[in-house]
Amino acid sequence: MSETSVKALQCVLATSGLLRIDHIGYGVGVIFFDPAHKVGIGLHILAARAATIKNQNPIMYANTAIPHAVKLMESKSSKPPFSVAIAGGATMLGMQDSANMSGKIIAAVKEAMASVHLDIKLDKTGGNSIRSMVLDIDNGKIKVT
């Protein structure tokens, strides 16, 4: 089975196999899945809001990453609603103000989801654990560890 990895600040589309986001700490991993078209997208967002919509990497910020991913899904003929999972936003030991920073990212992701009318089906955010997310596109299952 093929495996596609999503690294920090990336938005990756896959149509088969496993879509994996590893090492999600204070940032937030997001998976969109369209079971009708067997299309999945993974994002690894590291900041809450861009000061301007025009920035070099829209995946860095929740307010630009989520609309970008929806447009990418739509470019593959996928239309909402999608299955959506989010994970991460951990308080990282040794990082000054990480609880405040991760909380802002989680809130911004949820706000961005609401702005594009998407409901989050699986939410494993907060706490202090580094997480991983895996979408099995062939079976339509999302797992967070």
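Odds and ends about this structure:
- Residue check, Asp22 acidic (Asp, Glu) and within 21 Å of Gly126 (Cβ to Cβ): yes
- Scanning the range 88-100 for any residue that is among the β-branched types (Val, Ile, Thr), outside any helix (DSSP H, G or I) and either modelled with pLDDT of 90 or more or touching a helix residue (DSSP H, G or I) at 6+ places or on another chain (Cβ under 9 Å) (or both) turns up at least one such residue.
The values are calculated or read from the model by the stated rules, or taken from the named source; none is laboratory data. A quick note: this is a predicted structure, and the numbers were derived from the prediction, not measured. Counting neighbours? That spans all protein chains shown, and the Cβs are built from the backbone with ideal geometry, glycine included.
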